Structure formats: structure tokens, C-alpha cells
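*Asks:* Quick one: structure below, then a few questions.
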Amino acid sequence: MDRTVSAEDAAVGAGPVESRRRMHHPVVFYLVCLILVVVIPAFLFSIVVMKRTTEAQERIFESLLRTSTSAVNRAVEREITSMFSTLNFLSTSESLPKGDYATLHAQATKTLEGTDIYFLVIDQAMRQRLNTRVPFGTPLNVASEPVSARLALSRDERMVSDLFFGRTAQQWVFNVYMPVRLANGEPVLLTLTKNAEALRRAVNPDVLSPGWNAAVLDSSGTVIASTDEKQKTGQPFFLRVVPSLRLGVSAMKRDGVDYQVVTEFSSLAGWRMIAWAKSSDVQAPAVSSFLWLTIGGAVFAALAAISAVGIARVLSRDVRLLAHDARRLGQGERVAPRPYAISELETVSRALAEAADARVKSENEVRFLMREVAHRSKNQLTVIQAMLNQSAASAENASDFAETFRKRVAGLARSTDLMIANATQGVNLMELAKNQLKPFTPADAERVRIAGPAVLLDPQASQTLGMALHELSTNATKYGALANETGIVSLSWTATGEDLNLVWRENRATIDKEAIAASRKGFGSVVLERMLGMALDAKLDFVVHDDGIEWRVTIPLARLRDEDVHQQGAAQ
């Protein structure tokens with residue numbers, strides 16, 4: 001049971017590890033993936049935008065083409081309307097009801113002078129009674145297109161014929177008919193004929209988009225006018241547009257080629273205006289844009305991939321250098337900062353260099369502290385041994401020894417605490433003096449006076465001066481100014497030149513010569529005369545006044561200050 005659970009636990013634990021292994025790839029892999037994540041959606045989005053733009057452009061083209069075919073339709077209908085107006089005018093001629101065709105010929109010729117339009121009169125037998133295309137009196141043939149003429153007469157309404165070849169004109173023409181009755185009631189057709197070539201002006205290629213052509217077709221699908229030179233007047237239009245072609249936009253195929261066609265119908269003439277283009281030509285801009293987008297995207301993706309590989313190589317090289325520096329740091333070696341192409345890696349390199357320097361500095365500090373601890377421990381033991389010997393020598397009994405030794409150790413402890421609390425910046429002499437004299441200060445604090453400028457002491461000097469002040473305070477309490485109710489202790493110092501001048505003065509003290517002589521042999525005198533003199537190169541003067549003693553101590557400032565401590569204290 002236990003083995004099964006352990007195996008399951010192992011399998012479960014192996015899952016995340018295996019997953020992390022599958023995700024373990026070089027940086028170039030992730031850079032390429034990042035490029036693909038950025039490029040592919042942008043490419044797809046560009047395709048969608050391009051497709052919608054193309055559709056919008058197609059709608060705009062269709063609208064423009066509709067407008068163009070409508071413009072052609074309006075131009076053709078204006079021509080036909082103008083011709084009907086001319087027929088209306090000629091139908092009001094007084095010569096027409098009388099049958100005076102000579103006068104009517106002259107009048108029509110003058111009216112149509114300067115145009116490419118000619119006037120005809122056709123009777124029920126389809127004979128031409130008048131034709132301004134030839135001089136009056138010239139023998140005339142029957143109408144070249146009798147079908148539409150008979151239809152106009154039978155319906156008794158205005159009509160426009162399809163395209164036909166005029167025998168008199170010897171070219172492709174079309175007619176506009178208007179039935180009227182003569183004075184005797186005979187119906188005739190007033191006819192205006194116009195060359196098909198004249199309608200080319202209505203089919204203006206300038207209004208068409210590139211790749212598009214336009215044509216005017218009659219009701220049978222015959223080309224009347226076209227912008228395409230291949231579509232000749234009088235020939236059937238190459239696309240089967242009658243009757244299959246619907247109005248508006250449509251698509252057709254001829255000989256395997258797809259065409260897009262736009263058709264407009266003229267209700268006045270019964271003709272169609274048509275614009276067409278190959279679908280490939282219409283779609284060419286979109287296809288070209290897609291190809292450019294694809295090729296450009298592929299080129300940019302390739303350039304980005306190449307750049308990613310180059311960046312990855314630089315990054316991998318820099319990471320290997322960082323790993324090498326990290327191993328050197330672990331081995332305790334100094335690491336110099338390196339310049340890197342990537343600023344973040346350069347920041348890490350500086351951090352490694354700073355960490356290496358900090359480690360070396362820390363190790364040096366540890367070694368220094370170990371030496372300092374050993375040195376100070378020896379000094380403390382030496383001082384304690386001296387305190388022990390002097391306390392034993394001066395004690396009258398065991399309790400006196402214990403009390404004296406305890407106070408001296410307490411004074412040493414206070415100096416040590418102060419020294420530790422101010423180890424970095426140095427011990428202030430004012431703070432040291434107040435700390436040592438505080439236990440001996442009477443209720444009237446004005447009896448203990450301390451004055452002097454700020455002086456920083458190194459640990460060794462603060463310990464020695466602290467013990468000296470403790471002993472002076474002890475003696476003042478036992479034999480001096482603090483042994484009565486009125487005595488005053490004044491501690492002052494000045495720094496002059498390269499020396500510290502310290503003065504301990506007791507006033508209003510009860511002088512006991514024997515006690516003073518005894519104290520000169522005690523531990524306090526040993527501290528003042530031997531330790532101050534030996535440890536600090538101090539010069540001491542002892543003076544006994546009538547109202548108290550005075551100690552004058554001169555200590556070189558250089559012996560009071562460790563240079564590093566002094567610099568740190570000055571900086572702070």
C-alpha cells in the first residue's frame with residue numbers, strides 16, 4: 001500500500017517537472033514565437049481590412065460605373081429628345097399639309113444646317129418622298145429599314161429604330177419617327193436620320209475607370225457606338241446580352257474569360273448602355289495588394305526572425321558571461337563589471353560586481369572584527385585582573401572587596417556599553433563623562449559640573465578614560481568633594497593644537513591628608529598614572545589645594561582617535 005502511494009506521489013511530482021522540461025527552450029525559440037504572435041494576427045487583420053477595403057472600393061466602382069452608364073444614357077436620350085423636338089418643329093410647317101415638299105425640303109435643310117441629322121418623309125408604301133441628304137428632285141429609293149417604320153405607322157406613336165445600314169447614306173444610321181397626317185388624311189412618317197458615328201461623343205471613355213469599356217446597343221444587341229475598337233458599329237456585341245443580360249451589375253463568361261458588366265436601359269429609345277471589364281482586371285489591384293502584403297509580410301517576418309536569432313546570440317553570450325561571473329562570485333573572487341549590449345544585463349553585472357566587492361569587504365571586516373575582539377578581550381582581561389589585584393590589596397574585608405570590585409566592573413561595563421553603542425562614529429567625551437559621573441551625582445546636580453567641546457574617542461581611549469573618570473568619582477565620593485553636602489566637582493577640557501587638556505577640580509572638599517595619601521596608592525592612581533600614561537601617552541599633574549584636589553591631564557589627540565572612526569564620525 002505504501003509503495004503504491006509513493007509511486008503515485010512520484011508520478012504526480014514528476015508531472016510539473018516534465019511540464020517544465022517541455023517548456024525548456026533557448027531564448028531564440030521564444031523570440032521567434034513572440035514575432036509570430038505579433039506578425040500573424042497583424043497579417044490576418046491586414047487581410048480582413050484589405051478585403052473590406054476592396055469590397056468598399058468595388059462598391060464605389062460600381063456606383064461610379066452606374067453613374068457613367070447613366071451619363072451615357074442621358075446623353076443619348078438628350079440627342080433623341082432633341083431630334084423629336086426638331087420633328088415637332090418641322091411638323092408645324094405650312095408646306096407639309098399642302099404636300100409642298102420642295103419648300104419643306106428647303107426649310108428642313110436650313111433648319112438642320114451644320115448638323116449631321118437629315119430629314120425624310122416616308123409614306124405608307126415605304127417610299128421616300130423627301131430626303132435632305134440629297135438635293136430635291138433626286139430619285140429616291142424605298143426606306144432602308146421598313147420594319148420599324150411600319151411599326152411606327154401602325155402604332156401611330158413616336159419611335160426610335162434599331163441600327164441599320166442606310167442605302168442612301170452608305171453607312172450605319174438610326175431613325176427617329178413621328179407619324180402625322182396630311183390635309184387629305186394620308187398618314188406619313190416624319191423621320192430624322194442620324195449617323196451612328198455621331199453617338200461616339202456620348203460614349204466618353206474619360207468617365208470610365210481604367211480597364212473598363214462602354215457601348216450603346218440597340219434592342220437586338222447590335223453595337224451602335226463603343227469605346228472598344230474591337231466592337232465595331234453594326235456588329236453584334238460579343239457578349240450575349242439580349243435578352244439574358246439583366247440591368248445593373250452582373251457577371252458573364254465568354255471563351256473561359258469572366259467579365260463584370262454594368263447595364264442601363266433607355267426607355268425612350270429601347271436601347272441598352274453597357275460597361276464591361278475583365279474580372280481579372282477588376283480584381284487585379286486587390287490581388288496585387290494581397291501579393292504585396294504576403295511578400296512584404298514574409299520578408300518582414302524573415303528579417304524579424306534573423307534579427308531575433310542575432311539578438312538571441314548576443315543575449316545568450318551575455319548570459320553565459322553573467323553565469324561565469326556568478327560562479328566566480330561564489331568562489332569568493334572579485335568580479336569586475338562588464339559592458340553589455342542589454343542595459344538590464346549590465347545592471348545585473350554591476351550588481352554582481354558590487355556583491356563581490358561587498359563580500360570581500362565583509363570578509364575583511366569579519367577578520368578585522370575577530371582580531372579586534374581578541375585584542376579587546378585581552379585588554380578587558382588585563383584591566384579586570386588589575387582591578388581584581390588592586391581591589392584585593394586595598395580591601396579591609398571580603399564584603400568591602402566585593403563592593404569595590406562590583407562598582408569598578410559596573411563602571412567598566414558602562415564604558416563598554418557606550419563604546420559598543422557608538423562603535424562606528426566614535427564615543428563623545430561629553431557623553432562618556434556624563435555616563436560615568438551619573439551614578440555619583442548627588443541630589444543637587446549643580447554640584448557636578450561638566451564642560452568642554454565635542455571630542456570623539458576611539459573604543460580603547462573611551463574605555464581607559466571611562467575607568468579613569470570612574471575612579472576619580474569614587475575617590476571624590478569617599479574622600480573628596482562629594483563626601484560632604486557642599487563640595488563641587490568640576491570636569492572641563494579644551495582641545496588646543498594637538499593636545500586635549502583635561503582638568504578635574506574639586507572645591508569645598510574636606511582635606512584628609514592620610515586619605516589622599518592612601519588613594520594615591522589605590523587602583524584609581526594606577527589607572528590615572530599608569531594606564532593613562534602608558535595607553536594614551538598622557539602627562540599628569542596632581543595638585544592638592546586647601547579646598548580640594550586637582551588633576552591636570554594632557555593627552556595627545558592622535559592617541560584618542562582612531563583615524564577610521566574619526567572619519568566616519570565626521571561624515572555622520
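*Asks:* Residue by residue through region 138-148, which ³J(HN,Hα) values in whole Hz follow from phi under the Karplus form 6.51 cos²θ - 1.76 cosθ + 1.60 (θ = phi - 60°), with glycine and proline marked x?
*Replies:* For region 138-148, the Karplus-derived couplings read 5, x, 10, 8, 6, 4, 6, 10, x, 5, 5 Hz, x marking Gly and Pro.
*Asks:* Output wanted: per-residue J couplings in Hz (rounded whole) for region 126-134, from phi through Karplus 6.51 cos²θ - 1.76 cosθ + 1.60, θ = phi - 60°, x for Gly and Pro.
*Replies:* Once θ is set to phi - 60°, the couplings for region 126-134 become 6, 8, 8, 8, 7, 8, 6, 6, 10 Hz.
*Asks:* Could you list the chymotrypsin sites (Phe, Trp or Tyr not before Pro) in region 73-154 that lie in coil according to DSSP, counting only those with at most 16 other Cβ atoms within 10 Å of their Cβ?
*Replies:* Values: sites: Phe84, Phe89, Tyr101, Tyr118, Phe119, Phe136; in loops: Phe136.
The qualifying sites are Phe136.
*Asks:* Where does the charge balance sit around Leu44 when Lys and Arg score +1, Asp and Glu -1, over other residues with C-beta under 15 Å from its C-beta?
*Replies:* Here the count lands on +2.
*Asks:* On a full-extension model of 0.36 nm per residue, what is the gain between Ala56 and Phe89, subtracting their alpha-carbon distance, rounded to one decimal in nm?
*Replies:* 7.0 nm is the gain from fully extending Ala56 to Phe89.
*Asks:* Report the local net charge at Leu120: Lys and Arg +1, Asp and Glu -1, summed over other residues whose C-beta lies under 10 Å from its C-beta.
*Replies:* +2
*Asks:* Also: What does the charge dipole of region 127-186 about its Cα centre add up to, to the nearest 20 debye, if the Cβ of each Lys and Arg holds +1 and the Cβ of each Asp and Glu holds -1?
*Replies:* 140
*Asks:* Take the cross-link list Lys434/Lys478; Lys361/Lys539; Lys232/Lys253; Lys51/Lys232; Lys194/Lys253; Lys110/Lys230 and give me the ones stretching past 29 Å between alpha-carbons.
*Replies:* Violating the 29 Å limit, Cα to Cα: Lys361/Lys539; Lys51/Lys232; Lys194/Lys253; Lys110/Lys230.
*Asks:* While we're on this one: Tell me which residues come under 5 Å, amide H to amide H, from Asp228 once H is placed; ignore anything under 5 positions away on its chain.
*Replies:* Ala214
*Asks:* Grab the beta carbon distance between Val287 and Leu151, set R0 = 51 Å, and tell me the FRET efficiency rounded to 0.05.
*Replies:* With R0 = 51 Å, the Cβ-Cβ based efficiency is 0.55.
*Asks:* Another question, if that's okay. According to a simple spin-label model (label point 7 Å from Cα along Cα-to-Cβ), what is the distance in nm between Thr496 and Glu229?
*Replies:* For the pair Glu229/Thr496, the computed spacing is 12.5 nm.
*Asks:* With θ set to phi - 60° and the Karplus curve 6.51 cos²θ - 1.76 cosθ + 1.60, what are the ³J(HN,Hα) couplings of region 540-551 in order, to the nearest whole Hz, using x for Gly and Pro?
*Replies:* These are the phi-based 3J(HN,Hα) values: 10, 10, 10, 10, 9, 9, 5, 10, x, 8, 8, 10 Hz.
*Asks:* If amide H atoms are built 1.01 Å from N in the plane of the peptide, which residues on other chains or at least 5 residues away come under 5 Å of the amide H of Asn428?
*Replies:* For Asn428, whose amide H was placed from the backbone, the distant partners under 5 Å are Leu457.
Only the coordinates and a few stated rules stand behind these numbers; no lab work does. Note that the structure is a prediction, hence the values are computed from the model and not measured. Note: ideal-geometry Cβ built from the backbone for every residue, glycine included; neighbour counts use all protein chains shown.
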